[in-house]
Amino acid sequence: MEFRSFMDVALEEARAAGARGEVPVGAVVVSPGGFVVARAGNRTRELCDPTAHAEVLAIRAACAGLGAERLVGHDLYVTLEPCPMCAAAIAAARIARLYYGAADPKSGGVAVGARVFAHPQCHHVPEVYDGIGAAEAEALLKGFFAGKRG
């Protein structure tokens, strides 16, 4: 099967999150057959929930929709490197492949910081591909924060 990126869908979710006043991060769960199972953007402010990151919301929705606590064989596309909390959720959900856009040198949990997947207590390590759609994801984030400093 030919590779198809779903980062465009994650970027749509990020733009929608930014329009709601949330940090513009989007996530998409894709089935082994190449279908979007769930998609979400950050909603921490709207839901008054510090765990309502795009990745967590998309994983929750996918699991609920499939009636399963694990997403074996599924891919996750995220516009920003997942934080440690989200990386742990990705491992717990048994996501097969993680594709992310912008690096997060301040709060990342995959390539920097906690490096959750490298920890010996990590129960599952997905394949990780970074830099997918990074330029647009970075531009969304920089524009959002520049507007806040304004």
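Worth pointing out:
- Residue check for ARG60: in contact with a helix residue (DSSP H, G or I) (Cβ under 8 Å, 6 or more places away or on another chain), closer than 20 Å to ALA14 by Cβ and of a type in the set (Lys, Arg): no
- Annotation: ALA89 fulfils all but one of (1) more than 19 Å from ALA134 (Cβ to Cβ); (2) at pLDDT below 95; the unmet one is (2).
- Which numbered condition GLU138 fails, given (1) more than 16 Å from LEU11 (Cβ to Cβ); (2) in contact (Cβ under 8 Å) with a residue 24 or more places away in the chain; (3) acidic (Asp, Glu): (1)
- Residues satisfying the criterion are absent from segment 96-105 (criterion: basic (Lys, Arg) and assigned to a loop (DSSP other than H, G, I, E, B)).
- Pairs, first within 20 Å of GLU127 (Cα to Cα) in segment 55-76, second surrounded by fewer than 24 Cβ atoms within 10 Å (Cβ to Cβ) and basic (Lys, Arg), C-beta under 7 Å, six or more apart: ALA58/ARG39; ARG70/ARG94; LEU71/ARG94; VAL72/ARG94; ASP75/ARG97
- Residue that is surrounded by the fewest Cβ atoms within 10 Å (Cβ to Cβ), among those in segment 118-135 that are touching a residue at least 40 places away in the same chain (Cβ under 8 Å) and within 17 Å of GLU13 (Cα to Cα): ILE132
- Verdict on GLU55 being closer than 18 Å to ALA103 by Cα and touching a Cys at 6+ places or on another chain (Cβ under 8 Å): yes
- Selection from segment 122-138 of residues that are of a type in the set (A, V, I, L, M) and part of a helix (DSSP H, G or I): ALA134, ALA135, ALA137
- Here ALA114 qualifies as of a type in the set (A, V, I, L, M, F, W, C) and part of a loop (DSSP other than H, G, I, E, B).
- Residue-level check: of (1) in contact with a strand residue (DSSP E or B) (Cβ under 7 Å, 6 or more places away or on another chain); (2) of a type in the set (Gly, Ala, Ser); (3) open to solvent by less than 30 Å² (accessible area, probe 1.4 Å), ALA91 misses just (1).
The values are calculated or read from the model by the stated rules, or taken from the named source; none is laboratory data. Predicted, not measured: the structure shown is a model, and the values here were computed from it. Here Cβ is always computed from backbone atoms with ideal geometry, including for glycine, and neighbour counts include all displayed protein chains. Surface accessibility is based on the protein's heavy atoms, side chains included, excluding ligands, DNA and RNA. Shrake-Rupley method; radii C 1.70, N 1.55, O 1.52, S 1.80 Å.
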